[in-house]
Amino acid sequence: MLVSLPPVSVARREARAQAAVAATNTDAMIVTGLSNIRWLTGFAGSNATVLLTDDRITLFTDSRYADRAPRELAEAGSSAEIVIARADLGARIAERLDGASTVALEAEYVTWMQQRDIAGRWLPDHEIVATGEVLDRVRAVKDEAELARIRAAADLVDDALRTITPMLRDQPTERAFAAALEAQIRANGAAAHTVETNLGFDTIVASGPNGAIPHHAPVERVIEPGDLVIVDVGGRVDGYRSDMTRTFCVGSLTADQARHYDTVIAAQQAGVDAMVVGAETNAVDRAARSVIADAGWADSFTHGTGHGVGLDIHELPRVAATSGADDVYEAGTVATVEPGVYLRGLAGVRIEDTCVATIDGAERLTSFPKDPEI
Ligand code: ZN
Ligand code: ZN
């Protein structure tokens, strides 16, 4: 059955982006991050540059996208002018910067070669300023159309897990289980949507002692009865991703496994409970980490507690002990809460949900049940 999604509208994003550029005290920004461009204009192609000033937005792309760019921008309600450019890109940008003196670049999305072209050849008379994470910061707060797509991506995964997890009883290899799950996610996407669907990222299946390696890639290990199995998986709908981890047990948990599992469940709940509008994200890290430390496993939780999710699988905010005053939950901030306890040579447990901060507290966008025993 086809799922209907609310239409994307970038009109409000345009105003938010222009305000963010103004706050950098520059006259314009050359946007080169493709996810930032998609968020701002609706354009989903692989080659584009956007010039953002306080009164206009211009999208430059090449002739391959002459038909597609106008369609995507119209669907998103973008006000951007489309200019087909190639070798003359610098001249086309320069002629639209009459009267501007300072121009911001996105430091994390500009190559050294581009920077030399822009500062040396295209805009030698402008002051070029490196900025970081300006639009990334703005798009960390999602609108309803974005939340609907992340939820839809999560639903594809939930439905696939319901179909595929019983296979864990049949002693599949990690790779065979991952492949079956991924195929089911793709099939569910094709059945439920007319927009593009796919995996959110390469699935992690880590069984038995492999579970102690947080970013283990599936191998030919056979999943045995009694194993704990970490499955970290996401979907993608119309560009937006979900990210979820469940840990399963093939058979019944032993007492030791139950203590391991219950500790991570409690840590994850403490983290979700601390995801409050106005809170710094490091409060969530602290809340989750203290539960694990109290259980005696402080040294076995070796990564940050979460990250933003949206058009990119890892985006702002950071959710870690080192997160600072810039990483704050606002109403609409989407981020994961994913503590884990990794016991070297033995097993791992990680539990992850993608959540949205709301004025009524955090809401989980990923909702597959947390009953571990298969
Ligand atoms: Zn994950
Ligand atoms: Zn994650």
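In percent, what relative contact order does the range 150-222 have, based on Cα pairs under 8 Å that are 6 or more apart in sequence?
34
So how tilted is helix 174-192 from the main axis of the chain? Cα-based, degrees 0 to 90, rounded to 10.
50
Suppose only helical runs count, i.e. DSSP H with n ≥ 4. What mean residue ellipticity at 222 nm does that imply for the chain under -39500 (n - 2.57) per run, divided by all residues and rounded to the nearest 500 deg cm²/dmol?
Dividing the helical sum by the residues of the chain leaves -9500 deg cm²/dmol.
To two decimal places, what compactness ratio does the range 11-138 give when its Cα radius of gyration is scaled by 2.2 N^0.38 Å?
0.96
Tell me the relative contact order for the chain as a rounded percent, counting alpha carbon contacts under 8 Å between residues six or more apart.
Once normalised by length, the contact order is 15 percent.
Find the Cα radius of gyration of the range 1-71, compare it with 2.2 N^0.38 Å by division, and give the number to two decimals.
Compared with the compact-globule rule of thumb, the range 1-71 sits at 1.22.
Suppose we take every Cα in the range 144-364 and form the convex hull; what volume per residue is that in Å³?
Enclosed volume per residue, from the Cα hull, is 107 Å³.
Within a Cβ distance under 15 Å of Ala15, other residues only, what is the Lys/Arg minus Asp/Glu net charge?
+1
Within a Cβ distance under 15 Å of Leu2, other residues only, what is the Lys/Arg minus Asp/Glu net charge?
Once positives and negatives cancel, what remains is -3.
Out of the total accessible area of the chain (probe 1.4 Å, heavy atoms of protein only), what percent is carbon and sulfur?
51
In whole Hz and in residue order, list the ³J(HN,Hα) couplings for the range 340-345 that follow from phi through the Karplus curve 6.51 cos²θ - 1.76 cosθ + 1.60, θ = phi - 60°; x for Gly and Pro.
3J(HN,Hα) across the range 340-345, in whole Hz: x, 10, 10, 9, 3, x.
If you plug each phi of the range 257-266 into the Karplus form 6.51 cos²θ - 1.76 cosθ + 1.60 with θ = phi - 60°, what whole-Hz ³J(HN,Hα) values come out, in order, with x for Gly and Pro?
Residue by residue, the range 257-266 yields 5, 5, 5, 4, 5, 5, 5, 5, 4, 5 Hz.
When N counts the residues of the range 236-374, how does its alpha-carbon radius of gyration compare numerically with 2.2 N^0.38 Å, as a ratio?
Working it through for the range 236-374, the quotient is 1.03.
With +1 on each Lys and Arg Cβ and -1 on each Asp and Glu Cβ, how big is the dipole of the chain about its Cα centre, in debye rounded to the nearest 20?
480
Quick check for you: with a 1.4 Å probe and neighbouring chains kept, what is the accessible area per residue of the range 284-355, in Å²?
36
Give me the 1.4 Å probe accessible area per residue for the range 20-97, excluding ligands and nucleic acids, in Å².
Here the per-residue accessible area is 41 Å².
How much net charge surrounds Asp353 when only other residues with a Cβ under 13 Å from its Cβ are counted (Lys, Arg +1; Asp, Glu -1)?
Surrounding charge for Asp353 is -2.
At each listed q (0.10, 0.13, 0.14 Å⁻¹), what is the log10 of I(q)/I(0) that the Debye formula gives for the chain modelled as equal alpha-carbon point scatterers?
For the chain, the Cα-only Debye profile gives -0.69, -1.04, -1.14.
Using Cα atoms only, what is the angle between the long axis of helix 282-294 and the major principal axis of the chain, expressed in degrees (0 to 90) to the nearest 10?
Roughly 20 degrees between the two axes.
The values are calculated or read from the model by the stated rules, or taken from the named source; none is laboratory data. This structure is a prediction, so every number in the text was calculated from the model and none was measured. Note: ideal-geometry Cβ built from the backbone for every residue, glycine included; neighbour counts use all protein chains shown. All accessible areas refer to the heavy atoms of the entire protein, side chains included, with ligands and DNA or RNA removed. Shrake-Rupley method; radii C 1.70, N 1.55, O 1.52, S 1.80 Å.
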